[in-house]
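Let me begin by presenting the structure, written as structure tokens, before commenting on it.
The values are calculated or read from the model by the stated rules, or taken from the named source; none is laboratory data. Predicted model, so just to flag it, every value in this text is computed and none were measured. Every residue, glycine among them, receives a Cβ derived from its backbone with ideal geometry; neighbour counts consider all protein chains shown.
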Amino acid sequence: MAKTYFTLAEANAMLPLVKQELAKLQDIKRRFREKYEELHQLKAYHKQKGGASQVDPYFTLECEMDFLQVEGNAVMQSFELNGIQLKDVDMGLVDFPALLNGEEVLLCWRQGEESVQHYHGLYDGYAGRKKLTGE
């Protein structure tokens with residue numbers, strides 16, 4: 001598969017989709033944490049209560065968690081198929097591979113920013129962000 005590079009305009013044009021998918025993924029992650037906590041509490045309750053049950057009391061929650069995991073993986077794959085790098089779900093960090101003055105860089109966007117306004121080297125990460133000039 002050929003490497004995808006984004007222009008600044010293309011990266012900005014992808015932001016509505018990125019925002020939507022990122023919000024969806026954050027919601028999935030939140031719901032997964034809630035189900036995990038519920039399962040943990042249910043297991044603690046059954047351990048304390050003792051006694052064997054003929055019905056698996058965890059089955060429904062575990063199935064719901066499995067489904068959320070599949071759903072989350074599909075959203076993450078959507079980013080990957082579009083050539084977009086999802087760096088941090090909670091912070092909402094997304095990178096777009098690009099060429100800047102003939103050098104491979106990553107156009108960097110963080111949730112809450114109006115548009116893509118920063119970039120960094122391939123190995124610099126978020127801490128190495130630099131402001132794009134000439135916008």
Which numbered condition trips up LYS24, out of (1) in contact with a helix residue (DSSP H, G or I) (Cβ under 9 Å, 6 or more places away or on another chain); (2) loosely packed, with under 14 Cβ neighbours inside 10 Å; (3) part of a helix (DSSP H, G or I)?
(2)
Report, by residue number, each residue of region 1-28 that is of a type in the set (Phe, Trp, Tyr) and over 17 Å from LEU86 (Cβ atoms).
TYR5
Would you be able to tell me the number of residues in region 73-92 that are in a helix (DSSP H, G or I) and farther than 12 Å from LEU22 by Cβ?
5
Going by what's in this entry, would GLY125 be described as small (Gly, Ala, Ser), touching a helix residue (DSSP H, G or I) at 6+ places or on another chain (Cβ under 9 Å) and surrounded by 14 or more Cβ atoms within 10 Å (Cβ to Cβ)?
no
Log entry, pairs with first residue in region 11-27 being modelled with pLDDT of 95 or more, second being acidic (Asp, Glu), beta carbons closer than 8 Å, six or more apart or on different chains, reads GLN26/ASP90
Picking from LYS43, LYS130, LYS49, which residue would you name as being exposed (fewer than 10 other Cβ atoms within 10 Å of the Cβ) and over 14 Å from the mean Cα position of the chain (by Cα)?
LYS49
When you look at ASN82, is it without any contact (Cβ under 8 Å) to a residue 60 or more places away in the chain and out of contact with any helix residue (DSSP H, G or I) (no Cβ under 6 Å at 6 or more places or on another chain), yes or no?
no
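Per-residue answers, yes or no, for (1) touching a residue at least 24 places away in the same chain (Cβ under 8 Å); (2) part of a helix (DSSP H, G or I):
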{"site": "LYS29", "(1), (2)": "yes, yes"}
{"site": "ARG33", "(1), (2)": "no, yes"}
{"site": "GLU37", "(1), (2)": "no, yes"}
{"site": "TYR45", "(1), (2)": "no, yes"}
{"site": "CYS63", "(1), (2)": "no, yes"}
{"site": "ASP66", "(1), (2)": "no, yes"}
{"site": "SER115", "(1), (2)": "yes, no"}
{"site": "TYR123", "(1), (2)": "no, no"}
